[in-house]
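The values are calculated or read from the model by the stated rules, or taken from the named source; none is laboratory data. Quick caveat, the model's predicted, so the values are computed rather than measured. Note: ideal-geometry Cβ built from the backbone for every residue, glycine included; neighbour counts use all protein chains shown.
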Amino acid sequence: MNLGQFILFGALNLVRRTQLKIPHDPSEIIALVDKDDKVIGSATRREVHTKGLLHRETCVYILGTKKGLYLQKRADNGFWDHPVGGHFPKEQDYGEAAVREIYEELGLKVKENELEELGKENISNKEKTNNRFVKVFMLKKDIDQNELRLDAGEVAEVRLFSKRELEKLINEEKGITGSAKKLIKKYFLEKMIE
């Protein structure tokens, strides 16, 4: 491959990987829930975060068969985070939302029965503006980076981390979101093989 072909190949890959753009809609209606995760109403995404209302999110961790866990680098702050995750419309349940988020953020098509439900967590940020129940799923799959269509507005990069790399990342002050740090410790780190 000559230099011109190499540059063209790289540009085509970049376009293919970043062509999916799903903007966050502050007026999206999401479910409000009580302390038992029962739906008690609805509000816009903007309202939920302005008032710190309890709501639902989903996240999916992708465990590669090559002894690693995939993470995404967020486009907004450069921190490593769950490979997939987010809010979802009131009409969807956690599993449906997980499948949709995988497609929106990474361009991967999966079926709900490919996901393993690991648990549900009640998580809040330090400012108490993002109070949510997060259902955690795992997808066992090796990812061909060239087949990803990343949502450039959300995902800067996706990478496979070894157990050792995750331990180092988790022990750093910055560089990984607090919720990802908590969930990786609880659900993955002890179970991962070197």
- Name the residue, out of Ala11, Ala43, that is modelled with pLDDT of 80 or more and over 18 Å from the mean Cα position of the chain (by Cα). Ala43
- Filtered residues of the stretch 46-85 (kept if over 9 Å from the mean Cα position of the chain (by Cα) and among the hydrophobic types (A, V, I, L, M, F, W, C)): Val48, Leu53, Leu54, Ile62, Leu63, Leu69, Ala75, Phe79, Trp80
- Task: Report, by residue number, each residue of the stretch 154-194 that is under 13 Å from the mean Cα position of the chain (by Cα) and farther than 23 Å from Leu106 by Cα.
- Result: none
- Message: Checking Asp151 against (1) among the acidic types (Asp, Glu); (2) touching a Leu at 6+ places or on another chain (Cβ under 9 Å); (3) more than 27 Å from Pro26 (Cα to Cα), only one condition comes out false. Which one?
- Response: (3)
